[in-house]
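Let me begin by presenting the structure, written as structure tokens, before commenting on it.
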Amino acid sequence: MPRKFTIEQRKRMLERLEYGATHTDLKSEFKIKDSRTLEKQLAHAREEQALRLARTEIIKESLRDHLGEIRSLLESWGRSLKAPSPPSFDRYPMGAAEQAEQSRLFEGMHEHLPFPELWRNYQAIKRKWDEYAVTCKELHEQVVENAKEKWGLSLLKRDEQRRGLATLFSWETLDRVIKVALGDSQAGTPYYTAAALNPQAPELEYLMCDNRVILYSNQALNYEEDHRSMIAEWARSEKVANLVKLLADLRELEKRIQDIVEETLLRRDYILYSCRLCLGGSRLASN
């Protein structure tokens, strides 16, 4: 019965041949009597070697693609982690970052980035953003209520043009309030203009605060000084001070995260770690 050789033995035959061993050496070392048997085993060895090389290239390509997907997700996720532009309470772009968490690849990215500081900062910025959004929304509502009580003007729906507060009233007011609270004194002294909304109805005027219409009323310029006073009053409020503090915290957290992400991308740290989605990752994790 012909002697059987293992894959490892044939691999060793080919290695010995490549390092200068003769066929006579191989027959002696592996106890092969027939030259045809040796040639057959060497032919098998070369086929097996070609298959190993092909598999290695496939694995390399698969791993390269996977790491490219991890890098792409890290880049887009990192771009989403920006401090908000006041006085917005929109969830974007934080919503885009949180949406990325729904992807199974996000779990893989987490495993490729086992950096506790990064994930602590990420959880912190999400909590701070939630607090910021709630605070900002409350401020928008309170600024409108404040104007309603003082001036007797109701908040108008979009595109309505009658006596009342324009939809951009709280946005323009809070934008200036926050800038004043951050030290921009010029934001507290805007330029106002008023004009009749319709030549056929001159009793209704619109009031513009620089380039935004903030209210409609008869004798709209009468609200100029009141609006300046409102900006100054809110800028000194505890609620706005809290919002400014939240913004500072969010910007600091953004910087920390962006620094880690930037360094990770430059150093390509993510290639040093593996995840369950890496080729063979699930099988290895279950062993």
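Miscellaneous remarks
- Taken over the stretch 56-89, residues that are in contact (Cβ under 8 Å) with a residue 24 or more places away in the chain, under 30 Å from Thr173 (Cα atoms) and under 17 Å from the mean Cα position of the chain (by Cα) amount to 4.
- Residues of the stretch 98-109 satisfying the condition of being assigned to a helix (DSSP H, G or I) and touching a residue at least 24 places away in the same chain (Cβ under 8 Å): Glu98, Ala100, Arg104, Leu105, Phe106, Glu107, Gly108, Met109
- Residues of the stretch 20-38 that are loosely packed, with under 12 Cβ neighbours inside 10 Å and farther than 14 Å from Gln9 by Cβ: Gly20, Thr22, Thr24, Ser28, Lys33, Asp34, Arg36.
- Lys60 vs. criteria under 30 Å from Asp269 (Cβ atoms) and at pLDDT below 90: yes
- Restricting the first member to the stretch 150-165 and to residues that are on the phi > 0 side of the Ramachandran plot and without any contact (Cβ under 8 Å) to a residue 24 or more places away in the chain, and the second to residues that are small (Gly, Ala, Ser) and part of a loop (DSSP other than H, G, I, E, B), no beta-carbon pair is closer than 7 Å while six or more apart or on different chains.
- When the residues of the stretch 222-261 are filtered to those that are farther than 30 Å from Cys209 by Cβ and in contact (Cβ under 8 Å) with a residue 40 or more places away in the chain, the one that is surrounded by the fewest Cβ atoms within 10 Å (Cβ to Cβ) is Gln258.
The values are calculated or read from the model by the stated rules, or taken from the named source; none is laboratory data. All values derive from a computational prediction rather than experimental measurement. Neighbour counts run over all protein chains shown; Cβ positions are idealised from the backbone, glycine included.
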